[in-house]
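The values are calculated or read from the model by the stated rules, or taken from the named source; none is laboratory data. Nothing here was measured: the structure is a model prediction, and the numbers come from that model. Glycine also receives a Cβ, built like all others from the backbone with ideal geometry; neighbour counts cover every protein chain displayed. Surface areas here come from the heavy atoms of the whole protein model, side chains and all, with no ligands, DNA or RNA. Shrake-Rupley method; radii C 1.70, N 1.55, O 1.52, S 1.80 Å.
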Amino acid sequence: LVSSILSLIRQDFAVSASTEQTKGIQTMSKFKSSPNRVVLTDLVEPLQYDLEMTPNISGDFKFQASVKITLDIKAPNLKSITLHSRELELLSCSYQGEDGEKIIKANGFEYNEALKTVKISFGPELPVSKGFLSIDYIGKHNDQMAGFYRSGYKNKEGEDKIMVSTQFEALDARRCFPCVDEPGRKSRFKCSLIVDQNLTALSNMPEENVETLDRGKKKVTFQNTPKMSTYLLAFVVGEFDYIETVTDHGVIIRVYVPPGKHHLGSFSLDVAKKSLDIYDDLFGQPYPLPKLDMVGIPEFQAGMFQ
């Protein structure tokens, strides 16, 4: 697994060792197996992502989204911020310092298709402090089983249906939102999904609030996540039934399946409950989240997931 991930990283970041920090990127020569591996500078550190997305499971499958990234800027004289971004169209961007006194609007986006990054330029220098980078953008639910992608299936009436779900490991969170998409750069995530009233929306954490909106929509807001890597963030939107149980240690486990097929989740539910209790007792380390969801995705290319 480790060698496979390193291979993916090498393919995605193979560039000249002459890349400079001033471009928001630095080389990491200490990795002997990949001397030209390129990562984003640690002088701009993401602390929190506040995401709001409106998935689109019909038509052109393009989704509207916004993200507010809480950043800790440590670099002086900084006039640009580079983030990972792939197949995203940035519409607008602004930066506001922690004091909230001044909003600095971006004056340009420079996409690097080879590195899967976007350089966001500003006129004035950004202050050395914590602040908020706000971005409005458009993405697409692709059919490549990577990023925030779409899957087709037939419901119990034989009708064609679409669901959308995520596969971010190892380098595909950048297909869903602009970010520092590196496993070692951990942050917290506060997420909201705007979906049709009849659809189920899932993420890593339990629902914090469900707000009814106009035009048959609802906004589902989830609790803040623990500090974690971008590739562990997950979303699923579609029509689902579920069955549930609770472990001996109080974790809610649910198995989500297409409507009318809940009986197909019984075995998985039983195994998950027993396994989670065994792991909690064996390692003496409780499962870190209040729930565990398992979803039957018709199109999924990864063999495992943490």
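Observations, loosely collected:
- FRET efficiency for the pair Gln223 and Phe283, taken as 1/(1 + (r/R0)^6) with r the Cβ-Cβ distance and R0 = 25 Å, rounds to 0.55.
- Protein-only accessible surface at a 1.4 angstrom probe places the residues Leu40, Leu292 in the order Leu292, Leu40, largest first.
- Scanning residues 5 or more positions from Met228 or on other chains, those with amide H under 5 Å from its amide H are Ser187, Arg188, with H placed 1.01 Å from N in the peptide plane.
- Partner lysines whose Cα lies under 30 Å from the Cα of Lys261, excluding those fewer than 8 positions away in the same chain, are identified as Lys62, Lys140, Lys154, Lys156, Lys161, Lys217, Lys218, Lys219, Lys273, Lys274, Lys291.
- Gain on full stretching of the segment that runs from Tyr153 to Ile103 - 0.36 nm per residue minus C-alpha separation: 13.4 nm
- Where Rh is the Kirkwood radius over Cα pairs, Rg/Rh for the chain: 0.98
- Proximal lysines to Lys105, defined as alpha-carbon separation beneath 17 angstrom and excluding residues fewer than eight positions away on the same chain: Lys68, Lys79, Lys119, Lys130
- Here the Gaussian network model covers the chain, with springs between Cα atoms less than 10 Å apart; of Pro288, Pro226, Pro127, Pro288 fluctuates the most.
- Extension gain, Thr212-Val271: 0.36 nm per intervening residue step, less the Cα-Cα distance, totals 17.7 nm.
- Highest-fluctuation residue, Thr117, Thr247, Thr200 considered, GNM on the chain with Cα pairs under 10 Å: Thr247
- Helix 2-13 vs. the chain, principal-axis angle (Cα, 0 to 90°, nearest 10): 50 degrees
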